[in-house]
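Student: Let me give you the structure first, and then I'll get to my questions.
A short reminder: the numbers here are calculations on the coordinates, not readings from a lab. Computed from a predicted structure; not experimentally measured. Every residue, glycine among them, receives a Cβ derived from its backbone with ideal geometry; neighbour counts consider all protein chains shown.
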Amino acid sequence: MNPKYSLVIPVYNEETNIPELYRRLKAVIDKLGEAELILVNDGSRDRSLWLLRELHQQDSRVCYLSLSRNFGHQIAVTAGLNFVRGQAIIVLDADLQDPPELIPKLVEKWQQGYQLVYAQRTRRHRESWLKRLPAYIFYRLLRQLADVEIPLDTGDFCLMDRRVVDILNRMPERNRYIRGLRSWVGWRQTSILYERDPRFAGEVKYTLGKSLALAANGLVSFSRVPLRISTYVGLLAAAVAVLMAVLVLYWRLFAPSSPLTGFATILIAIFFLGAVQLVSIGILGEYVGRIYEEIKGRPLYVLSEVGGFTEIKSQ
Ligand code: UDP
Ligand code: MG
């Protein structure tokens, strides 16, 4: 018999968090009843996988998938979603930044008929400004530019109805920005507010590089506005050029004594337009590179071990 609730948790070098995570999740799912925990080991180099095997031995509700290497958070979640058996699916981080005690509240909204309930951060405890400020700006920029409405300050912590997950599972894209994809599905969506706790233990796995890559994915996957920037800047530059031409002609004809100083202006103009062109090519490259990645159509991930699943689905 299939469980009613599935919890999907990506795990990357979280050995220090897993015991406490299990302890707190167990208290929650004991009350919920009929739940499965799907922990996805994303190529951890510490004892995480070993701990997952042990938990699976102890508690049959705990299942795990182990990816053959580190594929990244969004892909780890995707792998977990491919295997869920429940009717309501909850995605949360392994570092206890998303408090498991909030799950009953998410479930309550689901029972009221919402297909997607996302947890929205009101505060982030003890995260550095270096992380909070760019995140703050990014979410607002994305909201301006994206074709679908992606709610502000929401992470991956959410509850999805089975039907939403079925649709996500049918989306073939490799550059996955799950926060955007789940909003894209539509239907009835709502949020609950929460304060994001600090990490329980261990180090942040989302390095600056990974966060930037995720942000770029979000923007490129959900907006074509960046592509238009070069058109706008090009039009602007053309307008300025015409204006300058008229001005120079005027000087030549009617004010021959005015000095036509030009060296600095020319240099600045060359550099500026050169910069605009390079940035435009870079933006174009972001899109073209993604087309190339998608067109190859490689599987999203490779499994090396599973626990608690009898059939291995095609990946
Ligand atoms: N994670 C993962 N693969 C990665 C990076 C992170 O599975 O390559 C997992 C990590 O174990 C954690 C979650 O994704 O459960 C969020 O990572 P982290 O706490 O480092 O990021 P942040 O809280 O800053 O979003
Ligand atoms: Mg975290």
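Student: How about the range 58-145: which trypsin sites (Lys or Arg not before Pro) there lie in a loop by DSSP and see at most 13 other Cβ atoms within 10 Å?
Tutor: Filter output for the range 58-145: 69, 126.
Student: For a quick check of your reading of the filter: which GluC sites (Glu not before Pro) in the range 34-69 sit in a DSSP loop and have no more than 16 other Cβ atoms within 10 Å?
Tutor: Answer by residue number: 34.
Student: If packing is taken as the average count of other Cβ atoms within 10 Å, what order do 144-150, 244-250 fall into, highest mean first?
Tutor: Those peptides, ordered most packed to least, come out 144-150, 244-250.
Student: Moving on to the next point. If we count other beta carbons within 10 Å of each Cβ, what is the order of 183, 68, 48, fewest first?
Tutor: By the 10 Å Cβ count, ascending: 68, 183, 48.
Student: Using the Karplus equation 6.51 cos²θ - 1.76 cosθ + 1.60 (θ = phi - 60°), what ³J(HN,Hα) coupling, rounded to whole Hz, does each residue of the range 102-111 give in order, writing x for Gly and Pro?
Tutor: Taking θ as phi minus 60°, the curve returns 7, 4, x, 5, 4, 4, 4, 5, 4, 5 Hz for the range 102-111.
Student: Next question. FRET efficiency for residue 173 and residue 230, Cβ-Cβ distance as r, R0 = 22 Å, nearest 0.05?
Tutor: That gives a FRET efficiency of 0.35.
Student: Can I ask one more? Arrange the following residues from fewest to most other Cβ atoms within 10 Å of their Cβ: 1, 160.
Tutor: 1, 160
Student: Report the FRET efficiency, 1/(1 + (r/R0)^6), for residue 34 and residue 284, where r is their Cβ-Cβ distance and R0 is 41 Å, rounded to 0.05.
Tutor: Approximately 0.25, to the nearest 0.05.
Student: Here's a follow-up. For residue 1 and residue 190, FRET efficiency with R0 = 30 Å and r from the beta-carbon atoms, rounded to 0.05?
Tutor: 0.55
Student: Would you mind checking 4/26; 26/205; 210/296; 4/109 for any pair whose Cα atoms are more than 18 angstrom apart?
Tutor: Listed pairs above 18 Å: 26/205; 210/296.
Student: In the chain, what percentage of the DSSP-assigned beta bridges are antiparallel, given to the nearest 5?
Tutor: The answer is about 35 percent antiparallel.
Student: Quick check: pseudo-label points 7 Å beyond the Cα along Cα→Cβ at residue 152 and residue 250, how many nm apart are they?
Tutor: 4.4 nm
Student: Return a whole-number percent for the relative contact order of the chain, with Cα pairs under 8 Å and 6 or more residues apart as the contact set.
Tutor: Taking the mean separation of contacting Cα pairs over the length of the chain, I get 22 percent.
Student: Can I ask one more? Rounded to the nearest 500, what is the chain's calculated 222 nm mean residue ellipticity when only DSSP H runs of at least 4 contribute -39500 (n - 2.57) each, over all residues?
Tutor: -16500 deg cm²/dmol
Student: Next question, about the same structure. Sticking with the crude label model, points 7 Å out along Cα→Cβ, report the distance from residue 270 to residue 70 in nm, one decimal please.
Tutor: 4.4 nm
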